[in-house]
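Notes follow the structure.
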Protein chains: 2
Amino acid sequence: MEFDCKNTRKTRQRQVVLETLKETTAHPTADELYEEVREKMPRVSLGTVYRNLEILSTCGEIIKLDLGEGKKRFDARMDPHHHFRCTQCGRIYDLPFIPVEGIMQEAARMSHFKVTGIQIGFEGVCDACLGNEKKNTKEVMQ
Amino acid sequence: MEFDCKNTRKTRQRQVVLETLKETTAHPTADELYEEVREKMPRVSLGTVYRNLEILSTCGEIIKLDLGEGKKRFDARMDPHHHFRCTQCGRIYDLPFIPVEGIMQEAARMSHFKVTGIQIGFEGVCDACLGNEKKNTKEVMQ
DNA sequence: ATTATATTAGTAAAAATTATCAATAAGGAG
DNA sequence: CTCCTTATTGATAATTTTTACTAATATAAT
């Protein structure tokens, strides 16, 4: 039942998926990453990208993000940090880490539940959109 | 382009959707709420439930939640509070509000972005699952 | 080299959500 | 109340995102 990360094999596909994700800071979706991986491995399948992203995140090599867009995004940056989504251009930015242990402890204290994780997503308007309102979504996306 | 909440009509379907959501604290998905609404209005369509949940949340009458499950949930409780998802039984619990202005200001200060919103979702193990580990998912869901 | 099995490509299917459209009904004007 | 505009509905199709299936292949241990 439990997935065993020690029994995974170092396949070429999995290496390319991880390596390609590490090359970007754009927090791509599975489909977006698939397009990039295809440039290196034209015969790779979308299912393989999905499967490897799932395995890599389960095994703690990458992070699976859900910023409330109805699809998942992935991030190979593993040091503690937060994410910010610009509501105008849709870009996802990294934000430096802000300690959240206090909030988690407070939540645990009030609920008596065992709080093991916290998902924080910031949203607002990014520098580019603040300074240049006339750029539309298409022009600044990705 | 911008949706105008003042031009909406008070339809029977919209009223029943809102009223039904207000009757529960289970944070139902659109599909789950559809089943409940059908008991009062057997001929209502799933699309109507989706559409009204979208309109009601856009107009600030309910809250749309995304706790990273790959589907949206809805909440008619409008006072400030947080959400906790039990990773064992899947239930969503309300948690009292914990002030988050400090974190938002810190994020804005570090990024120089305009931070307008923050999504926080806690996860862990709830009281019921902590105290009674042998209950499985099926038994305790909903 | 042999072997066990994790993984793959390709495809189908599932799940969640959105779009389409003729028919209906809300709500304002007269 | 009646007429009229148009927001909304039910029914269904289509889209989007993700997962499942399967025979063939590749990985890594023996």
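The values are calculated or read from the model by the stated rules, or taken from the named source; none is laboratory data. Computed from a prediction, not measured in an experiment: that's the story for all the values here. Glycine also receives a Cβ, built like all others from the backbone with ideal geometry; neighbour counts cover every protein chain displayed. The accessibility values were calculated without ligands, DNA or RNA, using every heavy atom of the protein model including side chains. Shrake-Rupley method; radii C 1.70, N 1.55, O 1.52, S 1.80 Å.
Data table
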read-out: In segment B:118-136, residue modelled with the highest pLDDT [restricted to those that are more than 7 Å from every other protein chain (Cβ to nearest Cβ) and surrounded by fewer than 18 Cβ atoms within 10 Å (Cβ to Cβ)]; value: B:ALA128
read-out: Extreme residue, nearest to B:ILE118 (Cα to Cα), among residues of segment A:92-129 that are in contact with a Ser or Thr (Cβ under 8 Å, 6 or more places away or on another chain) and among the hydroxyl-bearing types (Ser, Thr, Tyr); value: A:TYR93
read-out: Unique residue being within 23 Å of A:THR20 (Cα to Cα), open to solvent by 20 Å² or more (accessible area, probe 1.4 Å) and not assigned by TED's automatic domain parsing to the domain that holds A:LEU18 when the list is A:GLY102, A:GLY90; value: A:GLY90
read-out: Among (1) open to solvent by less than 20 Å² (accessible area, probe 1.4 Å); (2) under 18 Å from A:GLY68 (Cα atoms) - the single one B:VAL115 does not satisfy; value: (1)
read-out: Selection count, segment A:11-64, where residues are under 23 Å from A:PHE84 (Cα atoms) and outside any helix (DSSP H, G or I); value: 12
read-out: Of the criteria (1) within 23 Å of A:ILE118 (Cα to Cα); (2) in a loop (DSSP other than H, G, I, E, B); (3) more than 13 Å from DNA strand D (Cβ to nearest atom); (4) within 14 Å of another protein chain (Cβ to nearest Cβ), which one A:CYS89 fails; value: (1)
read-out: Subset of segment B:76-86 (residues that are open to solvent by 70 Å² or more (accessible area, probe 1.4 Å) and either touching a Lys or Arg at 6+ places or on another chain (Cβ under 6 Å) or in contact (Cβ under 8 Å) with a residue 24 or more places away in the chain (or both)); value: B:ARG77
read-out: Cross-chain or 6+ apart pairs with Cβ under 6 Å, segment A:1-25 first and within 26 Å of A:LYS40 (Cα to Cα) and near DNA strand C (Cβ under 8 Å from one of its atoms), then of a type outside the set (A, V, I, L, M) and open to solvent by less than 80 Å² (accessible area, probe 1.4 Å); value: A:GLN13/A:THR48; A:ARG14/A:ASN52; A:VAL17/A:ASN52
read-out: Hey, B:GLN105 modelled with pLDDT of 95 or more and not hydrophobic (A, V, I, L, M, F, W, C) or not; value: yes
read-out: Selection count, segment B:41-56, where residues are within 10 Å of DNA strand C (Cβ to nearest atom) and either within 14 Å of chain A (Cβ to nearest Cβ) or closer than 27 Å to B:LEU95 by Cα (or both); value: 4
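Let's see how each residue does on (1) open to solvent by less than 30 Å² (accessible area, probe 1.4 Å); (2) within 9 Å of DNA strand D (Cβ to nearest atom); (3) aliphatic (A, V, I, L, M):
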| position | (1), (2), (3) |
| --- | --- |
| B:ARG12 | no, yes, no |
| B:LEU21 | yes, no, yes |
| B:VAL44 | yes, yes, yes |
| B:ARG51 | no, yes, no |
| B:PHE74 | yes, no, no |
